[in-house]
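Contents: one structure, followed by commentary.
The values are calculated or read from the model by the stated rules, or taken from the named source; none is laboratory data. Given the structure is predicted, the values throughout are model-derived calculations rather than measurements. Backbone-built Cβ (ideal geometry, glycine too); neighbour counts: all protein chains shown.
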Amino acid sequence: MANKTIKIGKSVIGEDNPIYFIAEIGINHNGDMQIAKKLIDGAFACNWHCVKFQKRTPDDCVPEEQKNILKETPWGKMTYLDYKKRIEFETNEYNYIENYCAMKPIDWSASPWDLKSLNFLLDYDLPFIKIASAMLTNDELLIAAAKSKVPVFLSTGMSTLDEIDHAVEILEKDTDGDYILFHTNSAYPSPEKELNLKVIKTLKERYNCIIGYSGHEFGLEASMLAVSLGASVIERHITLDHRLWGSDQASSLEMKGMDFLYKRTENISIMMGSDKKVVTESELSARKKLRGN
């Protein structure tokens, strides 16, 4: 693959560039802006480049058969539809997020789960639009995202190569090549034996594009290995505390884990270095001492 790059905010993503870190807040804010602010603060303090949310129109996204199912929540028992509305950020919250992130500064974006949410997000000056694995086969959403001319990040979890081929055809047609595919496993948490990290190389060779890794597993090792296999972007869910209420909290990184991952992955990028075999600067004195030339 040619040394392709994509400019995202102030960052350049691609080979020979620093790894771009996305802190997936998702819905781990539980509808509370104070939690969201603390997560943004944490991501910024750990030198991550971007925080990402999820945007849904609950009336459209929640299947009819689930809307009236009662759910126990920290705010009492309510229907699943009311719960989804309870934790959804709207215009006031996203206006605040935009201003708060600009002050840091840190990039922010979100994953739209329906066309209304995509159009909502496109009112903001986002560096990219992230399409979740669940929406990879939603041609209508993918086409609209591609035609927006905002770079598209697409996760490929729970998808076949044929399905990814079709999605890439859409992206190639309408994005001018400004897209990144993410290898991921869509189980929360993902079993280590099913991570199949070698697929990163498969995607890179098959689609000749920049590849990212979105991890839902416990621990840091898989994300570190993903970088060594060629991932240029790392995305991980983040949380203030694994014990907080919510389905994504347990497989998310707390602040200490975010800091460790950034620092350790930064070292991996340095150690991987160049694929050109040369006598390095630090070897010159040893060469002269041991070989005399």
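Some observations on this one:
- Residue check, residue 146 part of a strand (DSSP E or B), touching a helix residue (DSSP H, G or I) at 6+ places or on another chain (Cβ under 6 Å) and not basic (Lys, Arg): no
- Test: residue 121 is over 26 Å from residue 42 (Cβ atoms) and among the hydrophobic types (A, V, I, L, M, F, W, C): no
- For segment 98-118, residues that are out of contact with any Lys or Arg (no Cβ under 9 Å at 6 or more places or on another chain) and either more than 28 Å from residue 160 (Cα to Cα) or crowded, with 21+ Cβ neighbours inside 10 Å (or both) total 7.
- Some residue of segment 123-142 being of a type in the set (A, V, I, L, M), surrounded by fewer than 17 Cβ atoms within 10 Å (Cβ to Cβ), in a loop (DSSP other than H, G, I, E, B) and touching a Ser or Thr at 6+ places or on another chain (Cβ under 6 Å): no
- Strands (runs of 3 or more DSSP E) wholly inside segment 159-267 that include at least 2 residues being surrounded by 19 or more Cβ atoms within 10 Å (Cβ to Cβ), at pLDDT 95 or above and among the small types (Gly, Ala, Ser): 210-215
- Subset of segment 6-65 that is outside any helix (DSSP H, G or I), acidic (Asp, Glu) and farther than 25 Å from residue 81 by Cα - its residue that is nearest to the chain's Cα centre (by Cα): 15
- Subset tally (residues that are free of Cβ contacts under 8 Å to residues at least 24 places away in the same chain, in contact with a Lys or Arg (Cβ under 6 Å, 6 or more places away or on another chain) and either surrounded by fewer than 18 Cβ atoms within 10 Å (Cβ to Cβ) or over 22 Å from residue 141 (Cα atoms) (or both)) for segment 43-72: 1
- Looking across 76, 31, one residue alone is farther than 27 Å from residue 210 by Cα and loosely packed, with under 15 Cβ neighbours inside 10 Å. It is 76.
- Residue satisfying all of: in segment 268-293; of a type in the set (Val, Ile, Thr) and surrounded by 10 or more Cβ atoms within 10 Å (Cβ to Cβ); nearest to residue 49 (Cα to Cα) among these: 268
- The criterion of being touching a residue at least 40 places away in the same chain (Cβ under 8 Å), more than 24 Å from residue 255 (Cβ to Cβ) and in contact with a Phe, Trp or Tyr (Cβ under 8 Å, 6 or more places away or on another chain) does not hold for residue 37.
- Filter pass, residue 146 being touching a residue at least 60 places away in the same chain (Cβ under 8 Å), within 18 Å of residue 121 (Cα to Cα) and either surrounded by fewer than 18 Cβ atoms within 10 Å (Cβ to Cβ) or among the aliphatic types (A, V, I, L, M) (or both): no
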